[in-house]
Amino acid sequence: MKKYAVLIVITGLVTAGLLSLPSLTDALIVPVQTVTMQQMPYTETVTVSGTVEEEKKKEISLDLPIVPEQVMVQVGEQVEAGDVLATIDINATKNAIAKLASQYLDMIPQELQAAIENFDLQKLLETGAFPTEIVSTASGTVTNLSLTEGSLSLPNSTAAVVATTDKLRGRFYVSEEDAAKIEEGSQVLFTASAVDNGSFVGNVLSVAPTAYQRFSGLSYDTVVDVVVNIDNTYGLLKSGYTIKGKIPIGETREVNLLPYEAIQQDENGVEYVFVYQNGRAQRRDVETGEEFSTSTEILSGVSPGEPVIYNSAGIKDGDLVRLS
């Protein structure tokens, strides 16, 4: 009788164990969510910075050293071609040149030294070659003025800039490596530091045929000027504003994207994902490309439409998984 009782107890325990196997198995299977790669059109761009400038401007340069007696205009005033910008003080000019030659000649650039040493004011006055006024050679707005009454302005310097401020354009400084990839007519999206939450659109008008050295930070960079037209319908942009933008440098192509949460990296730096296959997690090494705000481009390793485990942290290759 005792044997039958023991047998009944053992049978009961085995039956209970068998009945609990599904729940134990379920506890070992990791619930997962899956995603598939999403496609998106993408065009490679280069990030650039630059300034807003007038579309048309005229620099009025000085060929001779002069001391202004009276400056007739201010920055922001409208002038016409032929208007007098300043009158010249002949005696003050003569005295300033003599003082400069005696005290500071060794401290100025060699090209200016030669100009000052050979400067004969009296002879120029006698022949009528020395002006008594500085005259504007263009019509527009005075946007820059370096003339100061009673102060000597040296030759080869800019006395004033006269521009048409109603039409503006952007000038971006592009690295020599990227300049060759930019095409005229390409659309440019840009922002201005002085305009909060403002985005602007333009098109590439021209890419300069030559490069030059431009000081940036603590070093010189070789750059090429790219000029972009500007739609300033609402008058938000002004000459001199700093602008930043993106210029396309390649053909538009379709990219396959996966969220960052689906991508892992092993101790050797190899990136991989887990694909859901027949109730298990299968590791796939992947090659990534361009990075975006929430996702990255997958170049190889996964085919479109394959279910990729989204919340893959802590999963190992071959683990039992189930869709949640």
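The values are calculated or read from the model by the stated rules, or taken from the named source; none is laboratory data. This is a predicted model, so every value here is computed, not measured. So basically every Cβ, Gly included, is an ideal-geometry build from the backbone, and we count neighbours across all protein chains shown. All accessible areas refer to the heavy atoms of the entire protein, side chains included, with ligands and DNA or RNA removed. Shrake-Rupley method; radii C 1.70, N 1.55, O 1.52, S 1.80 Å.
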(message) With a 1.4 Å probe and all protein chains left in place, how much accessible area per residue does segment 212-307 have, in Å²?
(response) 59 Å²
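Only Cα pairs under 8 Å and at least 6 apart count here; give the relative contact order of segment 173-307 as a rounded whole percent. Show your work: numbers first, answer last.
Working: 220 pairs, mean separation 26.9, N = 135.
Dividing the mean separation by the residue count of segment 173-307 yields 20 percent.
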(request) Using a Förster distance of 41 angstrom, determine the FRET efficiency expected from the C-beta separation of Arg280 and Ala180, and round it to 0.05. (result) 0.25
(message) Going through the cross-link list Lys57/Lys246; Lys57/Lys167; Lys56/Lys244; Lys57/Lys181; Lys58/Lys246; Lys57/Lys244, which pairs have a Cα-Cα distance over 20 Å in this structure?
(response) Lys57/Lys246; Lys56/Lys244; Lys57/Lys181; Lys58/Lys246; Lys57/Lys244
(request) Pairs of Cα atoms under 8 Å, at least six residues apart: use those to get the relative contact order of segment 180-236, whole percent. (result) 31 percent
(message) I'd like the Karplus ³J(HN,Hα) series for segment 30-42: coefficients 6.51, -1.76, 1.60, θ = phi - 60°, whole numbers in Hz, and an x wherever there's a Gly or Pro.
(response) 7, x, 9, 10, 10, 9, 10, 5, 9, 9, 8, x, 9
(request) Compute the length gained on full extension between Asn156 and Ala194: take 0.36 nm times their separation in residues and subtract their Cα-Cα distance, giving the result in nm to one decimal. (result) 10.4 nm
(request) Determine how large the accessible area of Glu80 is when every protein chain is in place; take a 1.4 Å probe and give Å² rounded to the nearest 10. (result) 110 Å²
